[in-house]
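Quick notes on the structure that follows.
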Amino acid sequence: MNAAITSTGQREFHSGADEQSLSLDFLHRYLMGNYRDLYAATLALDVNDHNAVLIARNLLATTAEAEADRRHVEGRLIARRLALLPPPRVYGLFRALRRARVNNRRTRAIMRDWLAARPDLAFDAVKYRGAVRDVVRHAHLRPGGELGPFLFTPHRPAAYTTPILETWRRAHYEQAALYKLPYTVAEGFAAKHRIARAAFLERIAPRLTRLERLRLQESARGLGADAVRADLATMPLTRLASYVLALPLDDRVRRRAELTAALRTAALRIAGDQAGRWGTVVAVLDDSFSAYGSGHKRRRPLAVALACHFLLEALAREYTPLWLSGRSDALLTHPYGATPLGERILDGLEHRPGRLVIVSDGWDNSPPGLAEEVLRIWRTRLDPHRTCAVVHLNPVYDAADFDVRRLAPTVPTAGIRDAENLVALVELAQFAEGRTGLPELRAHLTRRVEEFLREDA
Amino acid sequence: MTDLALTGLHTRPAQAWGGVRLVPLVRREPIEDLRLDARLHDAEFGVVEVDPRTVYSSYIPHGFVASWTRDGTPAAAYGTQLRGPAERDRAPSRMPLRFHRRMARRAGRNRLRFLPLHLALEGYLALHFGGPEIAWEEWSRRAINRGLSPRVEEAYTGAAVEGLHDALRVFEIHPGQCGVLVYAADALAAAFVVPHPDDYRALHATLVHDLYGELIYHYAMLSGPVPDFRARIVDATVRSLADLRVQARRQQEEWAAFHDQVMAGGLLDADYTYQRVHEMGGYRLSRFLPPFERRRENHIGELITDGAGRLAYLKTFRLSENQVRRGHLLTRLAACGWNLADTAAALDVTEPELGLRVEAAGFGHLLRQDVLDRYRARVRHGRR
């Protein structure tokens, strides 16, 4: 499960993409072969999108292996999860199923229902035309109205009555029309019409989605297109942290007030009614060089740490952050130096906190194993009554161990992908300290599955 | 003859990755008045800040050199050089270069990167380069006329050493780090020290272009992952957080002491012969040769020290067993004036045996053919 939260099959700091996907693939096969019911139930948990898609795909490809009475639950779980995923992911999944020649009745039914539930299929057809066409063809569907001709013979009709399809047709000839299309589609037309990038961005700005805005903001500013403005206050916390870390240090200093305010707002939104209720909290946050992540997941571990920093600040009554590098300005943090976890944990414990949260990839190297020793002795000799709860959150999947790297057996470790899940994970980790067995896990999962499906109704 | 010492540097915990272990060396106070000349390393944007009051002199480690001469032929600098502040714009003295496919690697339009350690290796290769000083009758005409020329030794680049590249990639550079010791399967492969942390940061990745001996190549290829030296604290000694901190600090100190005495012992304890190459502004550039004792570590290298004996720059290369044997033989021959009978007596072997050993070491062409044949026959006869 930790794997399902953290791993995305991409390259990490310590292991390559091939290793990652090989390791993950094995884990999926193993779980599906031996505990198919648990495997399906994982869909009800906070697994990341990459793994949700993998699970759905594996289940659909092996429908025949499922017992008859399980199939119904599985189908509902998959349908429910797909409804929560971003559409490009789902289209990706459907196309992968098509490539793998998976075309059983259940797959077709799921595709049909999912497409039927889309709020505006004509919009999808314009934005993801190839994908929609593939799905329709694969599931033997007959789209109503003008969609059929649009997907298969787009240039035959002289005009469309559906507005967005008509706009798409006109955009081939008329520059003004393309500004009414979704950004990704309009970008292609802009290239075709040789529109200057700055002018294009300036005019397409109102059509940008929230995340497109955030992504394009810096490059647009470089081009002088000031209309592209992301409203930082509405961005999700971890995404915002990534954005901040991507800015040069000078910019961060210049925009300190704005960025800090945005991060605080996002953190407070997540903390909700828990804000200020966590007592004294000390966080040991990893900003060592390995927090750089990889070319694929640039600064992701550090972004998670930074997001956790602001979230914990919002949650705690009294909060002390300890960055590994010894810096105290969270906003200017960048991956640098070694990982002296042991020493920093010692510093943290000296504050006598009610809760110690460690966010690190678990590669303790200065010196290796000191963190484990400190935590072990703290638990066994200095604090046997557990007055201080210690939790380790790890944003990186370790391909060799099929799990996230642990710091010490005495401290619960949970994989974390978005800081948004921190509250739930910390609660869960406390629960995990009691060493539950398989029956309890099954019971817990059954409960989660029921809740998950009930939200559906 | 003195010991080599890592004066001014402190050992930090090692980081292991596969069969490679890297031990960082940290300086409390960086050396500011001697800096690596980044201009040569990267001609486009190498600016070294200079405090107006400090004397600036820069040195050029051979590995990072190369600029084109006026007439357009490529040239290589002669090893490491020291230059004064006034000479900033003067190109380093250099020699024209004939291309051998593998020796030089083009790094840009008008830059050329060479394998480093040229100076030290040159020192080793030039060992008794001139051949016999007294024309004893056993030596061939060629040995008398041309000496050992040309002498060639083989080494592997870091890129060929299994796992080194990955180990350098995931290594986390410490704040203030000015050096590193590279171990393959826990055999000391090389030591590298620079004056300033910024220099180290810039040059960290070049370790993969360095030369490594045959021994290191094979060790890295065949060894499994080396274990971490994990910290261990005895429960009974701890009663409070302060105790725990004391114990943690002691772990650090114990590791540093263990490393310097045991792991790096082979490098630091040997008696070296130093040859001063250049002296300038209180800094002394020298190269050193080991005593060529067989069946133990032998490192050759080059270093810069200041007046107080502080180590500013160091780069070493570990010789393979065969190279040690050759060095040993040459040194002994030279010590006995290239007289075969005397050398044989000093080495406690018979003269024919020594002759065959010279041949086995790859210097057979130095002996006259008839003398060699006679030795061979004598040894065969003796065995029978």
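At a probe radius of 1.4 Å, figure out the B/A buried accessible area, summed over both chains, and give it in Å² to the nearest 100. Kindly include the intermediate steps, with their values, before the conclusion.
Values: alone 20090 and 21580 Å², together 38960 Å².
What B and A bury together is about 2700 Å².
Can you tell me how much longer the chain between B:D243 and B:H218 gets when fully stretched, taken as 0.36 nm per residue apart minus their C-alpha distance, in nm with one decimal?
Net length gain for the segment: 4.6 nm.
Using only the alpha carbon atoms of region A:123-226, find the Kirkwood hydrodynamic radius as the inverse mean reciprocal pair distance, in angstroms to one decimal.
14.9
Using Cα atoms only, what is the angle between the long axis of helix A:300-315 and the major principal axis of chain A, expressed in degrees (0 to 90) to the nearest 10?
70
With a ≥ b ≥ c the root eigenvalues of the C-alpha gyration tensor of chain A, is it rounded (a/c under 1.5), prolate (a/b larger than b/c) or oblate?
It is oblate, given that a/c is not under 1.5 and a/b is not larger than b/c.
Angle, helix A:210-223 long axis vs. longest principal axis of chain A, Cα atoms, 0 to 90°, nearest 10?
The angle comes out at about 90 degrees.
Pop the C-beta distance of B:D269 and B:A308 into the FRET formula with R0 = 22 Å and round what comes out to the nearest 0.05.
0.50
Work out the FRET efficiency for A:A109 and B:A236 from their Cβ-Cβ distance, taking R0 = 56 Å, and round it to the nearest 0.05. Walk me through the numbers on the way to the answer.
Working: r = 66 Å, r/R0 = 1.18.
Taking R0 as 56 Å, the efficiency between A:A109 and B:A236 is 0.25.
Once the dipole of chain A is set up with Lys and Arg at +1 and Asp and Glu at -1 on Cβ about the Cα centre, which of A:P248, A:Y397, A:G188 lies farthest towards its positive end?
Value: A:G188.
Per-residue Cβ counts within 10 Å, from other chains only, averaged over A:343-354: what number is that? Please list the in-between numbers first.
Working: counts 4, 0, 2, 6, 2, 0, 3, 4, 0, 1, 0, 0.
Going residue by residue through A:343-354 and averaging, the value is 2.
Take every residue in peptide B:164-175, count the Cβ atoms of other chains within 10 Å of its Cβ, and give the average of those counts.
4
At q = 0.16 Å⁻¹, what is the base-10 log of I(q)/I(0) for region A:215-373 according to the Debye formula with one equal point scatterer per Cα and no solvent? Please give it to two decimals.
-0.92
At 7 Å along Cα-to-Cβ for each site, give me the label-to-label distance between A:A261 and A:E427 in nm.
3.2
Can you compute the FRET efficiency between A:L249 and B:F258 using 1/(1 + (r/R0)^6), with r the Cβ-Cβ distance and R0 = 45 Å? Round to the nearest 0.05.
Values: r = 39 Å, r/R0 = 0.87.
Working from the Cβ atoms, E equals 0.70.
Sum up the charges of everything whose Cβ sits under 14 Å from the Cβ of A:R29, counting Lys and Arg as +1 and Asp and Glu as -1, but leave A:R29 out. Intermediate values should be presented prior to the final figure.
Values: positive: A:R36, A:R57; negative: A:D25, A:E65.
Surrounding charge for A:R29 is 0.
In nm², what is the average projected area of the convex hull enclosing the Cα atoms of region A:358-415? Display every interim value, and only then the final one.
Details: hull surface 15.8 nm².
If you wrap the Cα atoms of region A:358-415 in a convex hull and average its projections, you get 4.0 nm².
For the peptides B:153-161, B:350-358, A:360-368, what is the packing order when you average, over each peptide's residues, the other Cβ atoms within 10 Å and list the highest mean first?
Result, highest mean Cβ count within 10 Å first: A:360-368, B:350-358, B:153-161.
Each label point is 7 Å from the Cα along the Cα-to-Cβ direction; what then is the distance between the points at B:E154 and A:D69, in nm?
Distance between label points: 7.1 nm.
If you fit an axis through the alpha-carbon atoms of helix A:17-34 and take the longest principal axis of the Cα set of chain A, what angle between them do you get, 0 to 90°, nearest 10?
Taking Cα atoms only, the helix is inclined about 90 degrees.
Can you tell me what the convex hull of the Cα atoms of region A:38-90 projects to on average, as an area in nm²?
3.4
Restricting to region A:237-455, compute how many DSSP beta bridges are antiparallel as a %, nearest 5.
On the way: 3 of 22 bridges.
If I count the DSSP bridges inside region A:237-455, around 15 percent turn out antiparallel.
Taking a ≥ b ≥ c as the square roots of the eigenvalues of the Cα gyration tensor of region B:224-374, is the shape rounded (a/c under 1.5), prolate (a/b larger than b/c) or oblate?
prolate
For the residue pair A:T62 and A:H193, what label-to-label distance in nm results when each label sits 7 Å from Cα along the Cα-to-beta-carbon direction?
Calculated label separation equals 5.1 nm.
Contour minus end-to-end for B:V349 and B:E137, with contour as 0.36 nm per residue of separation and end-to-end as the Cα-Cα distance?
74.3 nm is the gain from fully extending B:V349 to B:E137.
Give the ranking of B:E293, A:E420, A:E65 by solvent-accessible surface, highest area first, calculated with a 1.4 Å probe.
On the way: B:E293 90, A:E420 60, A:E65 130 Å².
Accessible-area ranking of B:E293, A:E420, A:E65, largest first: A:E65, B:E293, A:E420.
Once amide H atoms are built 1.01 Å from N in the peptide plane, which residues 5 or more positions from B:M280, or in another chain, come under 5 Å H to H?
Excluding prolines and chain starts, which carry no amide H, the hits are B:L285.
Within a Cβ distance under 15 Å of B:R249, other residues only, what is the Lys/Arg minus Asp/Glu net charge?
With Lys, Arg at +1 and Asp, Glu at -1, the neighbours total -2.
Ranking request for peptides A:66-72, A:228-234, B:184-190: highest mean number of other beta-carbon atoms within 10 Å first, then the rest in descending order. Provide the component values of the computation, followed by the final result.
Values: A:66-72: 11.3, A:228-234: 16.3, B:184-190: 22.9.
The most tightly packed comes first, giving B:184-190, A:228-234, A:66-72.
If you take every residue apart from B:F229 with its C-beta less than 15 Å away from the C-beta of B:F229, what net charge results, scoring Lys and Arg +1 and Asp and Glu -1?
Computed value for this residue: -3.
Other chains' Cβ within 10 Å of B:248-259 residues: what's the mean?
Counting other chains' Cβ atoms within 10 Å and averaging over B:248-259 gives 2.
The values are calculated or read from the model by the stated rules, or taken from the named source; none is laboratory data. This is a predicted model, so every value here is computed, not measured. When we count neighbours, we look across all protein chains shown, and the Cβ atoms used for this are built from the backbone with ideal geometry, even at glycine. When the accessible area is computed, the model is the full protein with side chains, heavy atoms only, and any ligands, DNA or RNA have been set aside. Shrake-Rupley method; radii C 1.70, N 1.55, O 1.52, S 1.80 Å.
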